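Accompanying notes for the structure given below.
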Amino acid sequence: GPGQAEMYAGLQELGVANGEDLKETLTNCTEPLKAIEQFQTENGVLLPSLQYALPFLDLHGTPRLEFHQSVFDELREKLLERVSAIALEGKVEERYKKLEDLLEKSFSLVKMPSIQPVVMCVMKHLPKVPEKKLKLVMADKDLYKACAVEVKRQIWQDNQALFGDEVSPLLKQYILEKENILFSNDISFLQNFFSPSPKTRRQGEVVQKLTQMIGKNVKLYDMVLQFLRTLFLRTRNVHYCTLRAELLMSLHDLEISEICTVDPCHKFTWCLDACIREKFVDNKRARELQGFLDGVKKGQEQVLGDLSMILCDPFAINTLALSTIRHLQDLVGQDTLPRESPDLLLLLRMLSLGQGAWDMIDSQVFKEPKMEAELITRFLPLLMSFVVDDHTFTVDQKLPSEEKGPIPYPSTIPEAFTKFLQENRIACEIGLYYILHITKQRNKNAFLRLLPALVETFSDLAFNDIFLHLLTGNLTLLSDEFALEEFCTSLFDGFFLTACSRKENVHRHVLRLLLHLHHKVAPAKLESLQKALEPTKQSGEAVKELYNQLSEKLELRKPSPAEVTETPSMELPLPAVPTPASR
C-alpha cells in the first residue's frame, strides 16, 4: 500500500536498499536466484561468522526474517540505552550536538514502527528539539500521539489552543468528580465532602496528570492557571479554586522549585494547607497568614486576585468558617466581644477575601473588600446570644422546677438575623455554618428555631450543594425526629420544598435524604412527600433516577394485605452514638 512506500521512503535517503530496489533488481536481471543471493549478501548483516551460521538456521526452519528481526531488536535496545547514556555524559553542548546529529540522521525513518522508538527517545532527551521537527510532529496525529510528554511540552508551550484541547477534558472530569461526591448516595455525618486530607486529594488522577503535563515548565503552569481563572469567571464554579490550590501544592510535594519560587502564593497556600489539614486555624499560623496579607506591597496588588482564589476554595472556606464558630464559642466563655479578638477579625478578613474572589477577578480591581462594621458589632454578638440561649436552656432543664413550670425554648428569631442572612454574604456563610454546628450537636430546638431564616438567603446560599450535602449528612444524627409530624413539616414543607420546583439540585438532595431515612419518616408524611417530589417533565435524569430508587424502596415496605396484622418489629435498637465533640 501507499503507507508502506511512505514508511520506508526514508531508507533511500540514508543509502539503504529497500523493497523497491529489490523489485528493480529482479525486473532487470536474467538469473533471479543469483540476483537474490547477491542482494542478500550486499544487504545482510556483515559478520564473517554468519556466513556459515545462516544456512544452519535455514536447516532448522528458522525464517531469515525472524533472525534479522531478533538481531534488529537487540541492536535497537542497545541504541536506546546508548542514547539515554549520551544524554547524561560529557559537556552539555557536546552531548546535545551528538543527539542533534543523531536526530538529523534518523528523523527521516520516524514513520517506520521499528525505528520510531529510537527517534522518539532522541527527541525526549533534547531540551530543545529543532522547530522544524516539532512542526512535522505536530502536523501528524500519529507522531504527536507517540511523542514523549517531554517533547509535547515543547510543542504545547507555543500552542495554547492545542494545550487547551489536552487539558479541557481533564478539567471537565475534575468538576464531575466533585459533583459526584456532593450528590453521592452515601450520607453520613462521619464521612463527607471535606473528609479527605489535602495530601490524599492531591493524589487524585486529574491533579496527577496535570502535574505530569506541566513538569517544571512555568509557561505551561501559567497557562493552566489562566484556564482555571477563565473557567471560574465563566461558571462561578468554586471547584476550580480548589484545583488551583491542589495543583500548586502537588508541585510543592514534588519540590519543583522552578515553579514554586515564582508563584507568589506559594508560602501562603502552604501555610493554609496545613490549617485545612487540621480543619482549624491556630494562633501561630494565623500570625503567619496575616503577615502574608499585610506584606502585599504597593504595585503588587494583583497577587490579591490569586490569594482570593486560593481562599475561595471550599476547603479553605470550610476551615475558616469552622474556626470562626469555635472562636465565637470561646469568646462566650471568656466574656469577650468579637471586636476585641484579633484572631477572629483575621478569620473574617480572609473569609471576605475568599468570598470576594469572583468580583475581584472580574472587575480587575485588586484591593481587599471592606469589612462591614455591623457584621462585627451586631451579627456576631447575635450568634453569641444564641449560644448563651442554649446554655441557659440546658441549665434551666437541670434545675428543680417545683415553683415554676418548664421554661420553653425561645422560638422566635430576631429579625436582624434573618436580614443579615439575606443581605450580607459573610454573615450568611457564618450563619449557615452555625446551623450545621447545632445540627451536629443534635440540638433540635435551636435547629427548628433558626431553620425559617434559611428560606431566603444571600444569593440562595442555603440551597447550594456544599451546604445541602453537609446538612443532609448532619441530619442523620436527628433521624429519630423524622417520626414527628412537626419536625418533618418544618424541615420539608418549611424549607426544602420551597425551592424544589425551581432548583433541580435541591430536589436531588431531598431525594438523597429520603432514600437514606425513609424508614424513619411517619407513613402519612412519607406519602405526601412522595407526591410532592414526583419529577416533572422538566426534571433531569438524576432526579428521575433517584425518585425511581425511592419508589422501589417504598414499594418493598408496603405490607401485602395478608400481613397487615401487626408483626413484631425485628429492628434491633441502634447503640447510642456519642455526641461528637463540639466544634
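The values are calculated or read from the model by the stated rules, or taken from the named source; none is laboratory data. These numbers come from a predicted model, not from an experiment. We place every Cβ from the backbone using ideal geometry, glycine too, and count neighbours over all the protein chains shown. All accessible areas refer to the heavy atoms of the entire protein, side chains included, with ligands and DNA or RNA removed. Shrake-Rupley method; radii C 1.70, N 1.55, O 1.52, S 1.80 Å.
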*asked:* Cβ-Cβ under 6 Å, sequence separation 6+ or interchain: first residue in segment 266-280 and among the acidic types (Asp, Glu), partner open to solvent by 20 Å² or more (accessible area, probe 1.4 Å). Which pairs?
replied: none
_Cβ contacts < 7 Å: first residue farther than 14 Å from Phe417 by Cα and of a type in the set (D, E, K, R), restricted to segment 429-443; second residue part of a loop (DSSP other than H, G, I, E, B) and modelled with pLDDT under 95, any location; separation 6+ or different chain. Result?_
Lys440/Phe189; Lys440/Pro580; Arg442/Thr579
*Output the number of the condition that Phe56 fails; it satisfies all remaining conditions of (1) at pLDDT below 75; (2) crowded, with 16+ Cβ neighbours inside 10 Å.*
(2)
*Tell me the helices (runs of 4 or more DSSP H) entirely within segment 304-417 that contain at least 1 residues that are closer than 30 Å to Thr235 by Cβ.*
314-334, 342-355, 357-363
*For Arg326, state whether it is basic (Lys, Arg), modelled with pLDDT of 95 or more and under 24 Å from Asp465 (Cβ atoms).*
no
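Every residue in segment 467-514 that is farther than 25 Å from Asn318 by Cβ, open to solvent by 10 Å² or more (accessible area, probe 1.4 Å), under 28 Å from the mean Cα position of the chain (by Cα) and touching a residue at least 24 places away in the same chain (Cβ under 8 Å), please.
Within segment 467-514, the subset farther than 25 Å from Asn318 by Cβ is 480-490, 492-494, 497-498, 500-502, 514.
Filter once more, keeping what is open to solvent by 10 Å² or more (accessible area, probe 1.4 Å): 480-481, 483-486, 489-490, 493-494, 497-498, 500-502.
Of the ones still in play, those that are also under 28 Å from the mean Cα position of the chain (by Cα) are 500, 502.
Listed by number, the list holds a single entry, Cys500.
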*Test Leu346 against the stated conditions and say whether it is of a type outside the set (D, E, K, R) and assigned by the TED database to the domain that holds Gly305.*
yes
*May I ask you to list the residues in segment 261-283 that are in contact with a helix residue (DSSP H, G or I) (Cβ under 8 Å, 6 or more places away or on another chain) and among the β-branched types (Val, Ile, Thr)?*
Val262, Thr269, Ile276, Val281
*For Leu231, work out the one condition from (1) farther than 21 Å from Gln160 by Cβ; (2) open to solvent by 10 Å² or more (accessible area, probe 1.4 Å); (3) assigned to a helix (DSSP H, G or I) it doesn't fulfil.*
(1)
*State the number of residues belonging to segment 403-455 that are touching a Ser or Thr at 6+ places or on another chain (Cβ under 7 Å) and open to solvent by 50 Å² or more (accessible area, probe 1.4 Å).*
3
